[in-house]
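Here's the structure, in structure tokens; my notes come after.
The values are calculated or read from the model by the stated rules, or taken from the named source; none is laboratory data. Bear in mind that the values here come from a model prediction, so they are computed numbers and not experimental data. Neighbour counts are summed over all protein chains in view; Cβ atoms, including those assigned to glycine, are modelled from backbone coordinates with ideal geometry.
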Ligand SMILES: [Zn+2]
Ligand SMILES: [Zn+2]
């Protein structure tokens, strides 16, 4: 793996130079790319802990604090979404930015995307009395298909 040319082109700057020799801007970009890639690969609305576990396999020098900080900054700037905690106390992140909803598995803690048209429900809402709705969130919970098979 170390002598594989294509591997080296992809990750050599971070993996093979002394940590201090890498310009911090460049290091930040690489870290963010790896964090974003891990979030997409995991595709379960991963927590910072899960993303750290994934990234640290390829990039052992990365610290947990760096992963947490970058995720918070990326959510702040709108590159990813902080979708809150799903009763497990940990913040989950989403690489999907379009409006959609979530189904959280109570058994394994994974969070799946759900699409539904809420237009009809919104039309039936009462009690708004002149208030303007600007945002809404909706979370479903239960047991995912993989956990159902295990039961
Ligand atoms: Zn599950
Ligand atoms: Zn999502």
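On the given criteria, is residue 113 in contact with a strand residue (DSSP E or B) (Cβ under 8 Å, 6 or more places away or on another chain), within 14 Å of ligand 2 (Cβ to nearest atom) and in the same structural domain as residue 143 (by TED's automatic domain parsing)? Explain how you work it out, then say what you get.
Numbers: in contact with a strand residue (DSSP E or B) (Cβ under 8 Å, 6 or more places away or on another chain): yes; within 14 Å of ligand 2 (Cβ to nearest atom): yes; in the same structural domain as residue 143 (by TED's automatic domain parsing): yes.
Criteria met by residue 113.
Yes/no matrix, rows are residues, columns are (1) touching a residue at least 12 places away in the same chain (Cβ under 8 Å); (2) under 23 Å from residue 148 (Cα atoms); (3) in the same structural domain as residue 45 (by TED's automatic domain parsing); (4) not in a strand (DSSP E or B):
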position: 68; (1), (2), (3), (4): yes, no, yes, yes
position: 74; (1), (2), (3), (4): yes, no, yes, yes
position: 78; (1), (2), (3), (4): yes, no, yes, yes
position: 109; (1), (2), (3), (4): yes, yes, no, yes
position: 117; (1), (2), (3), (4): no, no, no, yes
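In summary, residue 106 fulfils each of the numbered conditions (1) surrounded by 15 or more Cβ atoms within 10 Å (Cβ to Cβ); (2) more than 18 Å from residue 30 (Cβ to Cβ) with the single exception of condition (1).
Looking at this structure, is residue 97 within 11 Å of ligand 2 (Cβ to nearest atom), closer than 30 Å to residue 33 by Cβ and in contact with a helix residue (DSSP H, G or I) (Cβ under 9 Å, 6 or more places away or on another chain)? When the stated conditions are applied, residue 97 does not pass them.
When every residue of region 138-150 is checked against the conditions, at least one turns out to be surrounded by 11 or more Cβ atoms within 10 Å (Cβ to Cβ) and away from ligand 1 (no atom under 16 Å from the Cβ).
Is region 119-136 home to any residue that is assigned to a loop (DSSP other than H, G, I, E, B), surrounded by 12 or more Cβ atoms within 10 Å (Cβ to Cβ) and more than 16 Å from ligand 1 (Cβ to nearest atom)?
If we filter region 119-136 for residues that are assigned to a loop (DSSP other than H, G, I, E, B), which is where we start, we get 125-136.
The next check asks that each one be surrounded by 12 or more Cβ atoms within 10 Å (Cβ to Cβ); those that pass are none.
The answer is no, given that none of the residues of region 119-136 is assigned to a loop (DSSP other than H, G, I, E, B), surrounded by 12 or more Cβ atoms within 10 Å (Cβ to Cβ) and more than 16 Å from ligand 1 (Cβ to nearest atom).
Residue 88 meets the stated requirement of being under 24 Å from residue 141 (Cα atoms) and out of contact with any helix residue (DSSP H, G or I) (no Cβ under 7 Å at 6 or more places or on another chain).
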